[in-house]
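Notes to accompany the following structure.
The values are calculated or read from the model by the stated rules, or taken from the named source; none is laboratory data. Please read all numbers here as calculations on a predicted model, not as lab measurements. Neighbour counts run over all protein chains shown; Cβ positions are idealised from the backbone, glycine included. The protein model used for the area step is the full one, side chains on, heavy atoms only, and it has no ligands, DNA or RNA in it. Shrake-Rupley method; radii C 1.70, N 1.55, O 1.52, S 1.80 Å.
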Amino acid sequence: MDPLIIIIIGVVSLIVGILAGKLIFAKNTKKIIETAELKAQTIIRESELTSENVKKEKELEAKEKFVQLKSQHDKEVFERNRKLSDAENRVKQKEVSINQKEANFDKQIKENEAIKETLNRQIEIVNIKRTELEKHQEEHIRRLEKIAGLSADEAKAQLVESLKNEAQTQALSLQQEIIEEAKQKANKEARKIVIQSIQRTAAEQTIENTVTVFQLESDEIKGQIIGREGRNIRAIEAATGVDLIVDDTPEAVVLSCFDPLRRELARLSLQRLVADGRIHPARIEEVVDKTRKQLEEQIIEIGERTVIELGIHGLHKELVRIVGKMRFRSSYGQNLLMHSRETANLCGIMAAELGLNPKLAKRAGLLHDIGKVPDEETELSHALLGAKLAEKYGENPAVVNAIGAHHDEMDMQYVISPIVQACDAISGARPGARREIMQQYIQRIKDLESLAMNYQGVEKAYAIQAGRELRVIVESEKVTDSDSDKLSFEIAQKIQTEMTYPGQIKVTVIREKRAVNVAK
């Protein structure tokens, strides 16, 4: 076939195909448009229905809101009317009450006038009787003066002098009774005052015992300790319970807390964090937990070493842990563990000299202050709490009684109880044991003795028991027994008002008369 014919046929076929396609496309397009128009009409009808429904719902909601507001308004109006009605009733009741009081007042006025007239008549009678009585008394006094041979003024002077001496003696006796009663009632009030004073005052010695200075290699580390926006320092304080003070002090951070154990935990944790260099909240919690466990192990190790050195056996492991905690507690500047060890050694020596059991005495001396390091806060005193802990962990009843009675808060039932009390006083009261300068201690002793020597009739004065007792020896010819009581009271009052001293000072006045003759 001729190629030209083939090309013509192909072109014709293409043209026919194009026309047929256009016809089909036009037909499909028309159908799509019709379908879209139907959908649009359907949507419009649905929208109209929806808008009608919404409109009806809104109208219903508006009506309900109106009904609700109207009901609330009616309630408020009703409540207001009720209150007004109650107020009117109260006013009416007050008016009735006032009217009744006015009537009663008028009645009382009339009664008082009648009583006043009666009293005036009685006063006149009394005045007449008084005049007659005075005349009789004058006549009676003249008769007595004539019989006694003394004038009224002289008899009165003698009577006043005898009454004065008797009253002075009774006053001293009553004074002693009042002082004894006050001493018995003073403990509770004294505890309250001391606790309030401690809460409101932080003296220099307290600050020295509640602050630890942590040295740094450079001030650049302070920024890492503080962290971004203070996150690190807050995490350390929350984990340890210690306040961190970062100020202008060069190469130092101050750790402040009343609990020495927490301060030690914070110091060791901060030391590890600074050495490691990774300081962030998660790392801080991890290091504090590890340090707390190691510190607990160190406490147990200290307790076991102390018990072994003192030769005490069979102590409960919880009591061993409490003994180890004493290492991180101080009392008046004296380390509690060192004080307890010293008391234990003194108890052992004293018990051996008296022929008693030295091991039991040592045990009681070591444990006498375990109530000062409790795991939980309690209202009991440290002596009673220590006795309770010792009893809980199966200690000997003699040890329990010695712990509870070393401050006279329990009755002493065993021989070692007064030994523990005496050794505790010796350890705490000796010069240099607690925070007190030697010169101040010696000066206080001298002031005590010179104060007593200023009184008339005092022969000698001695301050003993580290200044806790003042012995005053008086001359028996110049001072009577009743004067001794008065002198003791006056010296105690003067010490209390003029001197500063820890604890209390006992004043003992000694009056002795000796009659000596020699038979030849």
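Couple of notes before you dig in:
- Number of positions in the range 278-328 that are outside any helix (DSSP H, G or I) and touching a Lys or Arg at 6+ places or on another chain (Cβ under 6 Å): 1
- Contact map, the range 474-491: first residue under 18 Å from Asn165 (Cα atoms) and of a type in the set (Lys, Arg), second residue assigned to a helix (DSSP H, G or I) and open to solvent by less than 50 Å² (accessible area, probe 1.4 Å), Cβ cut-off under 7 Å, separation 6 or more or different chains; pairs are Lys486/Leu172.
- Filter result for the condition that a residue is assigned to a helix (DSSP H, G or I), modelled with pLDDT under 85 and touching a helix residue (DSSP H, G or I) at 6+ places or on another chain (Cβ under 8 Å), over Ile24, Ile141: Ile141
Yes/no per residue for (1) within 39 Å of the chain's Cα centre (by Cα); (2) farther than 28 Å from Ala422 by Cβ:
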site: Ile464; (1), (2): yes, no
site: Leu470; (1), (2): yes, no
site: Ile473; (1), (2): no, no
site: Glu490; (1), (2): yes, yes
site: Gln493; (1), (2): yes, yes
site: Thr500; (1), (2): yes, no
site: Arg511; (1), (2): no, no
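- Of residues in the range 396-424 being among the charged types (D, E, K, R) and within 27 Å of the chain's Cα centre (by Cα), the one nearest to Leu380 (Cα to Cα): Glu409
- Residues located in the range 225-252, provided they are aliphatic (A, V, I, L, M) and within 24 Å of Glu296 (Cβ to Cβ): Ala235, Ile236, Ala238, Ala239, Val242, Leu244
- In the set (1) in contact (Cβ under 8 Å) with a residue 12 or more places away in the chain; (2) open to solvent by less than 50 Å² (accessible area, probe 1.4 Å), the condition left unmet by Arg283 is number (1).
- Here Leu356 fulfils each of the conditions (1) in a helix (DSSP H, G or I); (2) surrounded by fewer than 19 Cβ atoms within 10 Å (Cβ to Cβ) apart from (1).
- Residue list for the range 338-353, filter: surrounded by fewer than 22 Cβ atoms within 10 Å (Cβ to Cβ) and without any contact (Cβ under 8 Å) to a residue 40 or more places away in the chain: Met338, Arg341, Asn345, Ile349, Ala352, Glu353
- Matching option when the condition is loosely packed, with under 10 Cβ neighbours inside 10 Å and at pLDDT below 75, among Lys183, Lys156, Lys146: Lys146
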